[in-house]
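Contents: one structure, followed by commentary.
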């Protein structure tokens, strides 16, 4: 043990991590609370009450009862999935919805953690539990609950897609990913990265089968189209009139936004290059990461998906929570906390440091740059560490040893499935025969 490890070991790192999360709760004071509680849900509630079978995109927000005169901007599948709001008051609806969001978020974090091979995690470890609970009190989640937003819907869909990716069920993964994109359009970006990454990987050594990108991509397109076709008249109007106008809008306050186009302002060429670099890096990471570290790769894709729109309020940063959880488990395995620390500073760190008036260095632009840099570094880590072996710090390192233990157990009459319950395959590329679901 060297001197550095002796005074700042594992316990000290975990203590510093927990302390940082506790201190970062103070960031919620920067939220501009709106009255009444649940402003975004109120918009959906108003349109559920006033449309009565008509086209919601033809009714102005003020006429429909939105308190701020906002039109309906959500895709038809998401709007119609909130049919249960009819007849409820806003107070009753927001209590029910926020309760569901909290439970669903914790359930998703649990599901992502279970995607990690069992031999790489400790089911009795209290640190991920405390980490997940503390994430509920951070700025993105409190902001999400304050507005009554609906970003948990695509997170649930993408979590299901990741679950199926880990089990090589590409068709089911595509169906789930397509439904996630039908609810809120931004999951279409990671869907495209998965398809391009699989297509790219099909030309490499130990490759995916040539048609695997189609086995994911075609069901994703079909499920997306089927969800929109259920409300085809509204969908046609939405994609021909509403969405093009909304795509050109920009966030007014960059202090509460992580939109690359909005933060870059008039520099459209620069923002396009940044978006292309972020998307391209993760597409490159998919080439290898989907085979070797599917859960971590899918979590990273979800985390980067909300940065490309002109309006990306920071409550959507709850999409980064699964990635933060998996980086925690990775750090607990490898002892390398750098990427996790950078991610926590960028995502849940106190925003007051980047919201000072007339600041020249600690600006919202620097805050966004930290987030983008973190995502790019994670993508490089995922894409570069694609071979396991001695000294590898991969999440799936040691898989060969686990498989040997499973084979020994099978020879003694026990099931090899019990050796690795609820876990992603160690290396999808080593089981090419099972890649066709």
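Here are the numbers for this structure:
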read-out	value
Helices (runs of 4 or more DSSP H) wholly inside segment 238-301 that include at least 1 residues being crowded, with 19+ Cβ neighbours inside 10 Å	260-264, 268-292
Selection count, segment 34-56, where residues are surrounded by 22 or more Cβ atoms within 10 Å (Cβ to Cβ), farther than 14 Å from residue 97 by Cβ and touching a residue at least 60 places away in the same chain (Cβ under 8 Å)	1
Selected residue (criterion: modelled with the lowest pLDDT) from residues of segment 304-327 that are surrounded by 24 or more Cβ atoms within 10 Å (Cβ to Cβ) and over 17 Å from residue 152 (Cα atoms)	309
Residue identified as touching a helix residue (DSSP H, G or I) at 6+ places or on another chain (Cβ under 9 Å), at pLDDT 90 or above and farther than 22 Å from residue 182 by Cα among 284, 237	284
Of the criteria (1) within 24 Å of residue 31 (Cα to Cα); (2) in a helix (DSSP H, G or I); (3) without any contact (Cβ under 8 Å) to a residue 60 or more places away in the chain, which one residue 315 fails	(3)
Elements of type helices (runs of 4 or more DSSP H) contained in segment 133-193, each with 3 or more residues being over 15 Å from the mean Cα position of the chain (by Cα) and under 28 Å from residue 90 (Cβ atoms)	139-147
Test for residue 143: is it surrounded by 21 or more Cβ atoms within 10 Å (Cβ to Cβ) and in contact with a strand residue (DSSP E or B) (Cβ under 9 Å, 6 or more places away or on another chain)	yes
Condition met for residue 331 (in a helix (DSSP H, G or I), at pLDDT 85 or above, farther than 18 Å from residue 190 by Cβ and out of contact with any helix residue (DSSP H, G or I) (no Cβ under 7 Å at 6 or more places or on another chain))	no
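The values are calculated or read from the model by the stated rules, or taken from the named source; none is laboratory data. Note that this is a predicted model, so its numbers are computed, not measured. Note that each Cβ is placed from the backbone with ideal geometry, even for glycine, and that neighbours are counted across all protein chains shown.
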